[in-house]
Structure formats: structure tokens, C-alpha cells
1. Report the accessible area of Trp86, computed with a 1.4 Å probe over the heavy atoms of all protein chains in place, in Å² rounded to the nearest 10.
2. For Met578, tell me the accessible area in Å² from a 1.4 Å probe, rounded to the nearest 10.
3. How far, in nm, would the chain grow between Arg271 and Glu237 when pulled straight, counting 0.36 nm per residue and subtracting the alpha carbon separation?
4. Mind ranking His116, His465, His138 by accessible surface for me, highest first, 1.4 Å probe?
5. Check each of the GluC sites (Glu not before Pro) in region 600-630 and keep only those in coil by DSSP with at most 14 other C-beta atoms within 10 angstrom; list them in order.
6. Sort Arg408, Arg106, Arg446 by accessible area with a 1.4 Å probe, largest first.
7. Given R₀ = 56 Å, FRET efficiency for Arg361-Ala543 by Cβ-Cβ distance, to 0.05?
8. I'd like the accessible area for Tyr623, computed on protein heavy atoms only with a 1.4 Å probe and all protein chains in place. Round to 10 Å², please.
Amino acid sequence: MAKGGMGELFLAAAGETGGFEKLCVVKKVLGDLTDLGVRRRFLDEAKVVVRLNHANLVQVFDAGRVDAEHYLAMELVEGKDLRAVWNRCAQLHRRIPVDFALFVAREVARGLDYVHDALGLNLVHRDISPPNIMVGYHGQVKITDFGLAKHAIKRERTNPGVVFGRYSYLSPEQARGLPADRRTDIYAVGIILWEMLTGRQLFPQDGRDAQILKKLRKPDIRPPSAIVPGIPAGVDEVVLRTLAVEREDRYQNGAELRERLSALLAKHFPRTDVDRVSAFMKEIFAREVKLESQDYSAFAREDFSPVRALAASDTTTISVSEAIDLDFEEIDPGDIANAASEEERLLAASENRVGSLLGDRYRLIELLNVGGMGAVYKAVHEALGTTYAIKVLHEHYSSDPNIISRFRREARAATQTGHPNIIDVIEIGTTPLGEAFSVMELLKGRELRKAVADDGPFPVSRAVHVTRQLCDALVAAHEAGIIHRDLKSANVILLRRGGDADFVKVLDFGICKHFDDASTLETTPGLVMGSPDYMAPEQAAGAPADVKSDIYAVGTMLFEMLTGRLPFEGRNAIDVLMQKGGRQAPSVLEFRPDVPPALAELVAACLQRSLEQRPESMRALEYLLTRAADGRAGADAALEAARSGARPIPGGSQPSIVSTGSHQVAGSGSFVTVHDQAMLSGRHAAVKPSAW
């Protein structure tokens, strides 16, 4: 398929002969190469890529060696690399469409977000460039070629001052000979995006190496709109921030860049998706698509059984586990320990807990996530066989009374409500080493933040449905005397429950405030607590949070669901907070004209700087939301049902009867009534009617 100075790419068939083969690609290092560094980089790549698995990466599923030649086997992507897309558009005298450019950059950012945090390897690609980005004929976007990647188990060490990568896509820090980090990859994405938008090369190689590097160290970058017309509002700002000379001024990770690009797509090109990308690829490569499809079909039907298979003595197969450990013993363990970051140490400590028994009941079977304060595991109750999620604080926080108090307050707040839309905390305890842990229900769903980023702006009915559940959960919390204070879309999980694909669970009451318990307020006067993007102006000013602070956060999430962006966006957290204190939030209608005016007005009311102008309570917000969506009659019916002990079934629309022995739970329309509450037992017997 291709040949370069270091290796070759072959179209291959994998699997048993006789019709069970699958087409793939084999990459191998040329056997006559004597450069030991090239071979080591290839082995370094093998050790990394066999571990990675993500939709935006070319999947590598095998590694091996035949005589002196090493190879990787990877998936076949039916498409072209981004360099070929550029060249074809140049031949056709066409510009790459803006929405295509934004979509490709977003998908690359999504892949990098996974790569940079994958398996605690501190992986940096270091060679993000058009030849290493595949765009499929079916719209998929994939990163490939980790041959220059930097990671924790790397055997080939870079000498100080050595520059790896393609000059045209080097970051300023690489041009200065400084170490690369994840923001280096972000910069390369910015170059690619700038070039797709303008149709020009940002750093053409038109001089000597020294001249090129000097230019790269202190680049002068013009915004795309200054070069070509038709660049939508907001695109320049994203591109220039991605291409900031100093790393601290760029997007700090792939998730931040992906979210901004998703917001631009949602605002300007809401219909752009994989089908749109696929249509463009098939249009400009129409002949290639036809010919390659015929070739692949012919190969798929071919019988490869006459081909001599290599005998076992001819080949040395490297399994995935062996590839991970390949030559690992030759690396000085002390070097890795010295280079390990605090995150790596926390990850290692967290991984060591897997398999242990907590509280003599819960067996930790899988590490789900590691954060700055603790780790979350999937666990099984030894006696009951039930699975739970268990949060364990990192050991060094066990002696901090404020942290322990927050940890216990979170568990207590969740259990006090007993509401189905608030995560259920089963118990809390301590490990033999004194580490605090809490046992919670195990949720399988998506963060609301991720759902908006992945799906774009929600249909109005979906946004209202999610917000109603948020209101209902917070009504219960407020009635229990609890203010959340840190509501945000990352603390809301959407999961499938029955026929509802967007059943809400509210998490993280770690900095909640009780109305009647001043002792829980360990914050220093004037200290800001919460997430700036969702924080009410009074919280940003250091004033105490109350019910209306939670209302502001819910209004922010509703704005986010309807528009695909946040109401205030700035260079940093301080910029966002200053905007909130200095001006009113924009209207939803500026970004989403099809939203009903009554709903847009309600969002604006929630985001008022003045507390007096916001809805009086979460119950009032729930009523106004229903009235804006369903009219006054529907809102009055919902309010009356809530008062009588009947609560809406999220997503429910059809009458239903569920048999429970000799009792029945009957649903009429969207409401459920328990005919005989005597059937409730255990902890649910204490649930108040308002919780249904």
C-alpha cells in the first residue's frame, strides 16, 4: 500500500484460511535497517498501541516478528489520510468545507483526550499531522502512527535538544528543544485546523532548518478570517487559543478543545455529522471509492488457502501481554519511579486495591476512575453477589478533618433525600489503613456534559424532560434542608431506566450546605466554592449560597442543553466570573431561535443576577417549566398530582399496571400512585409521598 524510508504498509488478510479471513493492514520495519533507534521506536510504538482502544484511533490488534522484521497488524480504514484530502481539494480548486474542518478537528481532539490519559501512561503523540489522521469514506476520523510517541514505558530516550516530528507541525516548545506534553499535541491540531480553514500551509518549509525553527519558536499567526471570507463567529478565537505560543494559554487538554469545537458545530452547523463527512469524502474521491470497494470485495471473496502459511519455526509471535512487557526489564525501574508524577503514584496505589476486601463484605473487582481526592471502584457484595460503586479517599486525605467531614456530608445528604433521581449511598466506613470509603449504587450511563458534547443541542422536549427530573430531585433535597452548591452537567448522569433513555441521577453533594447546621460550613468567609461555569453570581462574590443558587445552576444546565454551549465563556475561570457579575446572560434565542419564547424567558429568569428576579423555589421552577412546555393546564395538573402524592414518571406516556403480588402500582398517563403503601418495606417505608 505504501513504502517509506523506515517501513512498508501491506494490505493483508488475518484469520483462518478457507473464507474466515478479515482484511487488515500490516506495518513492518524494513529488515535491512541498521539504525537501532528506529527499531527501538517501533518497539516503543508496539508497547503503546496494543494497549489502546478508542473509536478515534486506528486499532492495532497484533504485534510480532518474522526473522529480523517486526510488524504491527491493524484495522483497515477505508478512506484517505488528511494529506490526501488536502491534495484532492487543491486539484479540484475547492476549499475544505468549514464544517468538515471543525468536525475532523473535534474528532482528533476526542481521540487525544483518550490518548493523553489512557492507562496512566502519560502518552503524548508528538507527530499529529495530516498524514497521521485518517478520514474514512464512512465519516470516521482516526489517529494513527504512534512511532514518535512519548510515554512512561518508553525505551528509546530523546536526547536533550533533539527535535522529533514534522517541522511544519512542531510547537514552539518542540522547536526550542523542550519536552513535549499533551498541549504540544493540541497545538498541532490547531495548525491542522488553521490550514483546513484557510487552504494555506501555516509553516511552509521554504528555508533552511535553522530559519524554520526560528520562525516556529516565535510564530506570528493571523486569524483565519483575515485570510479567507466566511469564517463563522467564534472560530478565530478557538483557533488562536489552540495556537497560543505559551502552553499555559492554550486549551489544556483534548476535552476542552473538543467541547469548544462541539459548541461551534452546534451553533453554526447543527446538521454536520459522520454522514455529512462521508458524503464529502465520497464526492471528492468518487472514483477511488468505487475502485477500492471492488478490490476489497474481490479480496474478501478470495480463497487464500493455497498460500503457504509460515511454520511455527519461521515466526515469533508476540502476544499483547508480551508486547506490553517487551524489553521492559531492561529499563531501570528507578528511572520510571523518578519520572512518575503524582497522578501515576495515585493510580498505582489505586490499582493495588483491586481484589481487596473492604468492610469484610465488598470485594473491589475493577478500578473505574481516579481523581485528585479518591478512586472509584466496581465492587461486589461477597454474600449477596450485588454490584456497587465504592469511592475510597486517597490515604493522605484520611487525616484531614475537613475532607473527611465533606466526605461524610456527601453520603449523609444523599441518604437523607431517599429520592430516585439522587444517587443512593448505602453506607460509609473505613479501610484497615484508615481510608474512608462510601458504598453507592453502580450507575451505567453518560454524564449530561458528555451527552450534550456528543449529541449536540437537545430537542426541546428532551431538555425539558431532563430538567424536570433535576427539579424534582432538588425539591426533595431542599425539603430535607440541603443546598447542593455544586450543580453542573458533570454531576448529572443520564441512564436508561425502563423505557426512559434519559433517567436522571444527581451526584456529588460533597460541598452541600445544610440550612440548619452551621457546623457544616467550614468555608472561610469570602471563599468561593463550586464550579465557575455553573456558579451563581452571589457565590462568585463569596456570599452564602441558598436555594436560588441551585436554581441558577439548573438554569445554566438548561441553557447548555438547549444551545450546546454555556451562557458565559471566557479565557479562564476569573474571566467567566467577572462576566457573570458585570452583565446579564445572553438569551437562548440568540443561539436557538426555535425554542418557545416562554421557555427562553424562564431560562433568562433563572440566570438573573438578582436573586429576587429568579423563581422563588425549585418547586416553582418545576411548575413554570411544565407550563412553558405543556401550557397552564398541564402544569396545574402536574402540581396537583405532586401535592396528592403522585409524581411524574420520567418519560412515561402510556397507562400501565405493574403487578406486585396482591398489590398493584397503576400508572395513568404520566403519573403513578401507590394504592397500598403498606407494601413498602425496609428503608423505602420512610419515603415521603413527595418523593414519588
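1. Surface open to solvent at Trp86 totals about 80 Å².
2. 140 Å²
3. Gain in length upon complete extension: 10.0 nm.
4. Largest to smallest exposure gives the sequence His138, His465, His116.
5. Within region 600-630, the qualifying GluC sites (Glu not before Pro) (loop, at most 14 other Cβ atoms within 10 Å) are Glu616.
6. Ranking Arg408, Arg106, Arg446 by accessible area, largest first, yields Arg408, Arg446, Arg106.
7. Calculated value: 0.80.
8. 40 Å²
The values are calculated or read from the model by the stated rules, or taken from the named source; none is laboratory data. Just so we're clear, the structure is a prediction, and the values are computed from it rather than from any experiment. Quick reminder, even Gly has a Cβ in these numbers, built from the backbone with ideal geometry, and neighbours come from all protein chains shown. Just so you know, the surface numbers come from the protein's heavy atoms only, side chains and all, with ligands and any DNA or RNA stripped out. Shrake-Rupley method; radii C 1.70, N 1.55, O 1.52, S 1.80 Å.
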